[in-house]
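Encoded as structure tokens, the structure appears first; notes follow it.
Laboratory data are not the source of any read-out in this text; all were calculated from the coordinates shown. This is a predicted model, so every value here is computed, not measured. Don't worry about glycine lacking a Cβ; one is built from the backbone with ideal geometry, like all the others, and counts go over all protein chains shown.
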Amino acid sequence: MNCDDVIRELSNYLDGELALSAKQDIEGHLDECHDCKLVVDQTKLTVEVFCDAKLVELPNDVKSRLHEVLRRKLGGKGN
Amino acid sequence: MGSPKPLNAPNPHRLPSSVAREDEHLLVAAAKRGDTKAFEELVNRYEAKIFRLTMNITRNREDAEDAMQDAFLKSYSHLKNFHEDSRFYTWLVRIAANEALMRLRKRRPNQFSLDEPIEGDDNLIPQEIEDWGPSPEQRFAQTEMHEILSNVIDTLEPDFRVVFVLRDIEELSTEETANTLGISVPAVKSRLLRARLKLRQKLNRYFRQAGTN
């Protein structure tokens, strides 16, 4: 397995979607290749920081308008 | 207490089912019978996540708000068509993603096309490979980190961003993402890989610079 193969399978590796032998092949390459190890670790961290960041909060005015629209259009009593 | 992450192993995504609570199907059933209070409870649970989704796809607050409102209204009016073969939240995400995509297409007709052929796998090898240090997350204050991540995701092309948002942030499966976007599973996989590599490269500029200053 070469660097090209590792990058091509990077997503499948991070998502745990590889067969055991392919996973072992990649990990064997990562033991030897510092650059690929950095890319794999940094890509994994990239996904994690976006997952954990909660970049978008729901503003109060947007929330209020949503509930107002729902009350008006669904005919509910609302909160 | 949560269980610790396994060491030295890839970290498969959390399942979307972690979002759903056990009583969700009862609320859905009540809402189907016309109980608006039950539907409102579902809205209260998911409104923040749905707004995050529509914002992350459109990157425009007005479009995101409209998409969210229409998604909840449509989900209510089509609730009878929801046969509970998936989680309500997943079904809602698909409706909201489509509402957001419609607005994104209108606003950026020349920058966004899911109909383009699948990209080849050439030129995937990253060019900028530098050490980020032991923990870039700890080098930045939370607000600074948010600013960096917002800037970075803003500059990711919409074709790639929507796939990244649905797969990695909303944790839809590859198949659910493909169905939502109307593209093939290989196209989702190809775009997800490219999105992740592009985001890594964009972050590299911030994290590398911070490491050398």
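Just a few scattered comments:
- Extension gain, B:SER184 back to B:ASN151 (0.36 nm per residue minus Cα-Cα distance, nm): 9.0 nm
- When the Cα positions of B:ILE125, B:MET145, B:ALA187 are compared along the charge dipole of the stretch B:53-198, B:ALA187 comes out farthest toward the positive end, with charges on each C-beta of Lys, Arg, Asp and Glu.
- Restraint check, A:LYS37/B:LYS202; B:LYS80/B:LYS189; B:LYS80/B:LYS106, Cα-Cα greater than 26 Å: B:LYS80/B:LYS189; B:LYS80/B:LYS106
- Approximate spin-label separation A:ASN2-A:GLU32, in nm, with each point projected 7 Å along Cα-to-Cβ: 1.3
- Cα-projected label distance for A:ASP61 with B:THR143, points at 7 Å along beta-carbon direction, nm: 2.0
- With a Förster radius of 35 Å applied to the beta-carbon distance between B:GLU175 and B:ASP35, the computed FRET efficiency rounds to 0.65.
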